[in-house]
Amino acid sequence: MARTITIICDAMELGRYLLRAAWLLLIASLTGSARAQTQPTSAELEAVYSQAASLYRDFHQNPELSAQETRTSAKLAAELRRLGYEVTEHVGGTGIVAILKNGPGPTVMLRTELDALPVEEKTGLPYASKVHTQDATGHDVPVAHACGHDLHMAAIVGTGAIMAHSRQSWHGTLMLIGQPAEEIITGAQGMIADGLLKRFPRADAAVALHVENLLPAGKVGITPGIFDTNADSLRIIIYGKGGHGAMPQTTIDPVVIAARTILALQTIPSREIKPGEMAVISVGYVRAGTKNNIIPDQAELGLTVRTYKAEIRKQVLSAITRVTKAEAEAAAAPREPAIEAYEKTDAVYNNPALAERLRQPLEAALGKDNVIMEPPHAASEDFSYFVEQGIPGFYFSLGGADPAKYAEAAATGTSLPSNHSPLFAPDLDPALHTAITAEVAVLRNLLNGSAEELHRLQQSGPGQ
């Protein structure tokens, strides 16, 4: 009898073990399937693409300058609200925050920019911008989405629609951010100052992309670690003594001082910075005078300064001050130049562990050959302000160049129009398809994990 009972108990225990093993196998299978199937299906893409492309053309044709994005913000907010997101407007000015909660899990932020540039579009597109408006100083300027933010906005709506319609494929909280004033690198800081991290769920990871002609449409680029540059904007006013253009001996010409200063500044990267270190000084504008035969009292220069390393940044900024003052003193200027630093942002840092994790779903969604490892970029971005709040960040590149034109340019050694060019416009299809595919793949991967996993990634942040 005892032996019979023992056999029965052993059989029951074996049954429970087998049942538990089968259950765990099923759970593992479902979890693995959810993680593997992060890419949107062709049906999901086509269901949202037409609307996203229509939005792109609308945003492209109706651009707004930094901190003036009222129509843009309202339209984006309306689209996301229609999809079921809880939308808050006027965060940090014209910024928006759209929240979609889908049970317990991590909070992941996907960000797009809203603003355009004071550039006259010359693409010849049927929906090209013809907008003119007044800038912050009251000057009439043309406006165009010469940096691709219109495509970013169209993509985030397409991505947001797929995520809203497929809640069974992820869990947690999705936060979509429409950030103003990226082009003057103040928008992210403004949203944070307005309580982004206190009024709304704090993100466990932050994601963004940027379209460029450095890659053909259909591909994306990943850069672990430093993605782009520190950026500093400087305004320099050089003072002189005005007078008649025919009698320069009675004047101290600030235009000539400005010209010498511009040339002297270029020797800082070429002669003061160790070869191989990143340092760029560009003078974007020179303003002086009112008439050809009048020597003005002053000249104004607008500079952008780009570096990767903090110590190089400090060295370059110090040298700019030294050179500018020395050129004015050499010309016997009546007073020292005024040097104003009015915009700045640190380099965007891509958490290496997060970049490596997200490379896999991107390769699965786009194909391994379409995910390129890139070196750091020379541009800048205020996405860094989000990362500096202790949020692991992943900022990646989206190819925008027509593949045929890209191949031709590579073969002939020529360059395609860069961002901020009057001729810049991404190849909408496949660039928009690729953007939506990539964003959905990344979000589903992150929103199939846990907040604890993402918190551990903070240990591999800058300086770790």
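FYI, it's all coordinate maths here, none of it is from the lab. These numbers come from a predicted model, not from an experiment. In this analysis, Cβ positions are derived from the backbone assuming ideal geometry, glycine residues included, and neighbour counts consider all displayed protein chains.
For region 263-338, give the magnitude of the charge dipole about the Cα centre (Cβ charges: +1 Lys/Arg, -1 Asp/Glu; no others), in debye to the nearest 20. It would help to have the intermediate numbers written out before the result.
Working: 11 positive and 8 negative charges, 44 e Å.
That gives region 263-338 a dipole magnitude of about 220 debye.
Using unit Cβ charges (K, R positive; D, E negative) and no other charged atoms, how large, in debye to the nearest 20, is the dipole of the chain about its Cα centre?
800
Angle of helix 42-61 to the longest C-alpha principal axis of the chain, folded into 0 to 90 degrees and rounded to 10: 20°. Angle check, please: helix 254-265 long axis (alpha carbons) against the longest principal axis of the chain (alpha carbons), in degrees 0 to 90, nearest 10. Tilt of helix 254-265: around 40 degrees.
Working note: Karplus 6.51/-1.76/1.60 with θ = phi - 60° gives region 386-396 the couplings 5, 5, 5, 7, x, 9, x, x, 9, 10, 10 Hz, where Gly and Pro are set to x. Straight-line reach from residue 405: taking Cα to Cα under 19 Å and skipping same-chain neighbours fewer than 8 places apart, the lysines in range are 122, 219.
Among 358-369, 175-186, how do they line up by average Cβ neighbours within 10 Å per residue, starting with the highest?
On the way: 358-369: 17.7, 175-186: 24.6.
Sorting 358-369, 175-186 by mean packing, highest first, produces 175-186, 358-369.
Averaging 1/r over every pair of different alpha carbons in region 230-345 and inverting the result gives a Kirkwood radius of 14.7 Å. What lysines does residue 274 reach when the alpha-carbon gap must be under 29 Å and sequence neighbours fewer than 8 apart in one chain are set aside? Counting by Cα, and skipping residues close in sequence, residue 274 has these lysines nearby: 309, 314, 325, 344.
Tell me the Kirkwood radius of the chain: reciprocal of the mean inverse pair distance over distinct alpha-carbon atoms, in Å. Before the final figure, lay out the partial values.
Numbers: mean 1/r = 0.0408 Å⁻¹.
When all Cα pairs of the chain are included, the Kirkwood radius is 24.5 Å.
Between the amide H of residue 211 and those of 398, distances stay under 5 Å, these residues lying 5 or more places away or on another chain, with hydrogens modeled in the peptide plane. With the charge dipole of the chain set up from +1 on Lys and Arg Cβ and -1 on Asp and Glu Cβ about the Cα centre, the Cα lying farthest toward the positive end among the listed residues 416, 440, 119 is that of 440. Computed from Cα atoms, the angle from the helix 70-82 axis to the main principal axis of the chain rounds to 0 degrees. Compute the separation of the alpha-carbon centres of region 137-203 and region 222-269 and state it in Å as a whole number. Their Cα centres are 35 Å away from one another.
Near residue 67, the amide H atoms lying under 5 Å from its own belong to 181; only residues 5 or more places off or on other chains count, and H is placed 1.01 Å from N.
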